[in-house]
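Quick notes on the structure that follows.
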Amino acid sequence: MQIYSKLAATAAIVVATSAFLAGASVLLADAASASVVCNGEGQCWHAHRTYAYRPEYGVVVHPDGWKWRAGEHYAWREHRGRGYWRNGVWIGF
């Protein structure tokens with residue numbers, strides 16, 4: 001009976017450790033994620049966290065490292081915090 005108790009305790013520790021490591025990797029992946037966001041006015045900026053932009057914001061989210069092609073007219077407009085550019089004005093949310 002004692003061996004079954006030890007096996008059950010070991011299994012519980014393995015499950016708890018696995019859950020902890022899985023949760024930590026999700027947190028690290030989110031913290032390290034970034035994206036390039038552009039609006040229809042040709043203004044782009046880096047978003048250092050994943051945000052849910054509403055469709056009425058009129059933005060497109062690209063993966064980090066995205067670059068516009070030759071002949072396309074975009075400009076970098078960096079800004080701190082959460083939000084988006086519209087008509088040359090930063091709108092925070």
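Worth pointing out:
- Matching residues, the stretch 50-92, being outside any strand (DSSP E or B) and either aliphatic (A, V, I, L, M) or outside the structural domain of ASN39 (by TED's automatic domain parsing) (or both): ALA52, ALA70
- Qualifying residue in the stretch 32-46 (condition: touching a helix residue (DSSP H, G or I) at 6+ places or on another chain (Cβ under 7 Å), part of a loop (DSSP other than H, G, I, E, B) and modelled with pLDDT under 95): no
- For first residues located in the stretch 67-90 and at positive phi, partners that are among the small types (Gly, Ala, Ser) and in a strand (DSSP E or B) and lie 6+ apart or on another chain with Cβ distances below 9 Å form the pairs GLY81/GLY92; GLY83/GLY92.
The values are calculated or read from the model by the stated rules, or taken from the named source; none is laboratory data. Everything quoted here is computed from the prediction, not taken from an experiment. Note that we place each Cβ from the backbone using ideal geometry, even for glycine, and neighbour counts take in every protein chain shown.
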